[in-house]
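Structure record follows, encoded as structure tokens.
The values are calculated or read from the model by the stated rules, or taken from the named source; none is laboratory data. All of these numbers come straight from a predicted model, not from anything done at the bench. Here the Cβ positions follow ideal geometry from the backbone for every residue, glycine too, while neighbour counts run over all protein chains shown. Heavy atoms of the whole protein, side chains included, go into the accessibility calculation; ligands, DNA and RNA do not. Shrake-Rupley method; radii C 1.70, N 1.55, O 1.52, S 1.80 Å.
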Amino acid sequence: MTKKKMVSGITPSGTMTLGNYLGVVKQWVEFQNEYDMYIFIANLHAITMPQDKEKLRKNLKEVSTLYFACGMDANKSTIFLQSDVMEHAQLGWIMNTQSTMGELSRMTQFKDKSAKVESSGKESIPAGLFTYPTLMAADILMYDVDFVPVGVDQKQHIEIARDIAIRMNNKFGDLFTIPEALITKNNIKIMDLQDPTKKMSKSSTNPKAIITMLDKPEEIRSKIKAAVTDSENLIKYDFENKPGVTNLMNIYMILKGITKEQAEAHWNNKNYKDLKDDVAEAIVEMITPIQNRYNELYNSKEMEQWLEDGANKARKIAYKKLQKVQNNMGLNYKRK
Ligand code: ATP
Ligand code: LTN
């Protein structure tokens, strides 16, 4: 039986966070045995926000190395840098012409990120931030995937990719498989440690608010110790009223693979210090082997080769898909 397919990626707009890892990467690693996976580093999406070129280079190398250190395996999955497969940008252009200003204007990510650029007062809003979902639609529709494993904040982008696919299939003949979003287990979002009503985000300007996959054990312990909770000293799963405590519980629950009830029982009659100590130790225990592997892989020829092989594999599929799209749309003069 042929395997079902999946595609996903992370933008190298900062160092991968614990949110990215627990939200998606951990699950990609588990899906590898069952699915045919296309996993890339979305560097073309990163430049939709202003980037410093040296920082971008560093971030992209860190994110790629972390993919492998976290357990993504080039022998099982197709792993590559988005810009190495040029067909993504070309199909992205085509998607641009097949989407509308109205549907792009409704994207909440655009509203949030453009507000951020505007409030910085330093830059104007890049047009690429507005058309971001059309490139993402190209990334997804290129590989005829069944599922797109992402965090809940990306759901709207998968929906627009589906809409574009349906519209183009109707107009130009059967071109694309209609993909489905596969949202993180229980829709859990890991929240900002200083403002637990906001998602933990790798482009956050406050380093204390996020845990990156490269933080040292002492940094992790001190950030968890300083995480915002409340004054009740009662460990209860209740996001509405106790977002800080619930966020820490979520982190522990995902790391240990336990339910809310088990977590509440575990901390019955314990205090916030116990909660924070347990959470910090669970993160350190998970992250240490990943960081050891990261140090072995960073600067290795082996990793460069994996990314090159991944791009070669992806390119073959992407080339064929782009040709078919162009043929069906009347863009080629030779073939029909
Ligand atoms: P940025 O700050 O640049 O927006 P980000 O940290 O939000 O970056 P993305 O690259 O946008 O990360 O997301 C990569 C994947 O990780 C997406 O599928 C996203 O839904 C998921 N993800 C990101 N942050 C979290 C989080 N805090 N909790 C759970 N999943 C997350
Ligand atoms: N927008 C996504 C990254 C991304 C992506 C994709 C995810 C770009 N192209 C295609 C899944 C499929 C994000 O997580 N910020």
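In the range 1-20, the residue that is farthest from ligand 2 (Cβ to nearest atom) out of those that are open to solvent by less than 20 Å² (accessible area, probe 1.4 Å) and within 20 Å of I290 (Cβ to Cβ) is L18. Just one of the listed residues (A127, A137, A89) is touching a residue at least 40 places away in the same chain (Cβ under 8 Å), open to solvent by 30 Å² or more (accessible area, probe 1.4 Å), of a type in the set (A, V, I, L, M) and away from ligand 1 (no atom under 14 Å from the Cβ), namely A89.
Among residues of the range 34-56 that are touching a residue at least 60 places away in the same chain (Cβ under 8 Å), those with a Cβ under 6 angstrom from a residue that is basic (K, R) and part of a loop (DSSP other than H, G, I, E, B), sequence gap 6+ or separate chain, pair up as Y35/K3; Y35/K4. Being more than 30 Å from G92 (Cβ to Cβ) and modelled with pLDDT of 95 or more holds for only one residue in Y319, Y237, and it is Y237.
For every residue, the table says whether it meets (1) closer than 22 Å to D112 by Cα; (2) touching a Ser or Thr at 6+ places or on another chain (Cβ under 6 Å).
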residue: I125; (1), (2): yes, yes
residue: A137; (1), (2): yes, no
residue: D146; (1), (2): no, no
residue: I190; (1), (2): yes, no
residue: K199; (1), (2): yes, no
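Within the range 149-169, residues that are of a type in the set (K, R) reach partners that are open to solvent by 30 Å² or more (accessible area, probe 1.4 Å) and away from ligand 2 (no atom under 11 Å from the Cβ) with beta carbons closer than 6 Å, at six or more positions or on different chains, in the pairs R162/I178. Among the residues of the range 188-211, those that are over 14 Å from the mean Cα position of the chain (by Cα), within 16 Å of ligand 2 (Cβ to nearest atom) and either assigned to a helix (DSSP H, G or I) or closer than 24 Å to L60 by Cα (or both) comprise S204, I210. Among the numbered criteria (1) closer than 16 Å to A46 by Cβ; (2) within 12 Å of ligand 2 (Cβ to nearest atom), which single criterion is violated by M95? The number of the failed condition is (1).
Of all residues in the range 1-34, those being hydroxyl-bearing (S, T, Y), in contact with a helix residue (DSSP H, G or I) (Cβ under 9 Å, 6 or more places away or on another chain) and either assigned to a strand (DSSP E or B) or within 25 Å of D144 (Cβ to Cβ) (or both) number 3.
Among the residues examined, A280 qualifies as assigned to a helix (DSSP H, G or I), crowded, with 19+ Cβ neighbours inside 10 Å and not polar (S, T, N, Q). Exactly one residue out of V117, V63 is outside any loop (DSSP other than H, G, I, E, B) and surrounded by 21 or more Cβ atoms within 10 Å (Cβ to Cβ): that is V63. Residue-level check: of (1) more than 23 Å from A165 (Cα to Cα); (2) within 16 Å of ligand 1 (Cβ to nearest atom); (3) small (G, A, S), A74 misses just (2). Scan the range 246-266 for residues that are open to solvent by less than 10 Å² (accessible area, probe 1.4 Å) and of a type in the set (G, A, S) and the total you get is 1.
Checked against the criterion of being open to solvent by 90 Å² or more (accessible area, probe 1.4 Å) and of a type in the set (A, V, I, L, M, F, W, C), the candidates L307, L331 yield just one match: L331.
To keep it simple, each residue is scored yes or no on (1) in contact with a Phe, Trp or Tyr (Cβ under 9 Å, 6 or more places away or on another chain); (2) at pLDDT below 95; (3) farther than 15 Å from E304 by Cα.
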| position | (1), (2), (3) |
| --- | --- |
| E34 | no, no, yes |
| Y38 | yes, no, yes |
| P50 | no, yes, yes |
| K55 | no, no, yes |
| L66 | yes, no, no |
| G71 | yes, no, yes |
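From the list Y35, Y21, the one residue that fits, being more than 14 Å from ligand 1 (Cβ to nearest atom) and aromatic (F, W, Y), is Y35.
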